[in-house]
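Bear in mind that the values in this text are calculations on the coordinates, not laboratory data. Predicted model, so just to flag it, every value in this text is computed and none were measured. For neighbour counting, all protein chains shown are included, and Cβ atoms are generated from backbone atoms with ideal geometry for every residue, glycine included.
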Amino acid sequence: MTSKINWLVNHTSQGMLILQPWLTQHGISHSLAQKYVASGWLKKWCAGVYYRPFINENLKPEWMAAVHALPNQLDIPVHLAGLSSLNQQGLSHYLQLNNNTVWVGTKKKQSLPKWFREFADQKWFFSGNHKLTELIEKDFTSVTVKGVTLTASCPELAAYEVVDAINKHISFEHVAELFQGLVNLSPRKVQSLLNRSHSVQTNRVFLYLAQYYNHQWYQRLDESQIILGSGKRQVVPNGLYDKKYQITVPITFTLKKENHG
């Protein structure tokens, strides 16, 4: 038992969520975990979920612990996505809306455990990446939030995720404000992402915003490789029509002469 306590102490930290399947993999049964709860080594969060107590007993695990636990203990591939990822990388200077909402990238929302979806009344926005044929290693980076290291969307993927969320969780205007500051995106990564995207509207809006702010990386994209489809798309109601990308945009935008006769 001493060796297992040593393993627990050496492989966990205060405030870390600890899941029973992961404990079982390392020789700590449910009954033994209950003994650790009784002796104060662990605290119970909910059925099958524990955490290492904080020195300050008033503190509780935060959302970072939940996002960290799924990929590291259950091999469920979630990541910090969209606006949350941009914010943690210092790329979201615009006043955030729904500041207490955390964006999480996931394959299928329904595959996430109930304890995660209902975690401490946390507001989640689940950003699905099903419009991309695949995700690759270069789509991700690491960020550290209050001492917890998380997998996060790289700026290019995060930009794609916020564009894809227009009218679902974020406004066109908010995304445009974010895009204004995205001057250092990698054209190779953007090209790779858009080549893998089969969402005509998301692709068009992404390119429109890149062109609107005249980012240097936009000039290096090959649009012939990107699925842009045909026909018009109403992105915003009662908007102005952009002839090049065949989308409607808010009338407050100053439109470029060459694209709008």
**Fill in**
Its Cα gyration tensor gives the chain an equivalent ellipsoid whose semi-axes in whole Å, largest first, are 43, 17, 15
**C-alpha long axis of helix 200-212 to longest principal axis of the chain, angle in °** = 70 degrees
**Item:** Cα Rg over Rh - segment 2-51, Kirkwood
**Value:** 0.89
**Asked** Among the lysines in segment 69-149, how many pairs, 8 or more places apart or on different chains, have alpha carbons under 15 Å apart?
**Response** 5
**Request:** Sort all Cα-Cα distances of segment 125-226 into consecutive 10 angstrom bins from zero, then give the percent of pairs in each bin up to the one containing the longest distance.
**Result:** 14, 49, 32, 5, 0
**Fill in**
Tilt, helix 30-39 to longest principal axis of the chain (alpha-carbon atoms), in degrees rounded to tens, equals 70 degrees
**Complete:** A student applying the Cα gyration tensor rule (rounded when a/c is under 1.5; otherwise prolate if a/b is larger than b/c, oblate if not) would label segment 1-145 prolate
**Prompt:** Relative contact order (percent) for segment 136-261, with alpha-carbon contacts under 8 angstrom and 6 or more residues of separation?
**Reply:** 19 percent
**Complete:** Mean Cβ-within-10 Å packing, highest first, puts peptides 126-137, 151-162 in the order 151-162, 126-137
**segment 39-53 and segment 114-131: distance between their alpha carbon centers, rounded to Å** = 22 Å
**Asked** What value, in deg cm²/dmol to 500, does the helix sum -39500 (n - 2.57) over DSSP H runs of n ≥ 4 give at 222 nm once divided by the residues of the chain?
**Response** -9500 deg cm²/dmol
**Item:** C-alpha long axis of helix 63-73 to longest principal axis of the chain, angle in °
**Value:** 80 degrees
**Prompt:** How do 225-236, 202-213 rank on mean C-beta neighbours within 10 Å, highest first?
**Reply:** 202-213, 225-236
**Rough spin-label spacing in nm, given labels placed 7 Å along Cα→Cβ, for residue 232 and residue 37** = 6.0 nm
**Prompt:** Normalised by the number of residues in segment 2-51, what is the relative contact order in percent for Cα pairs under 8 Å and 6+ residues apart?
**Reply:** 39 percent
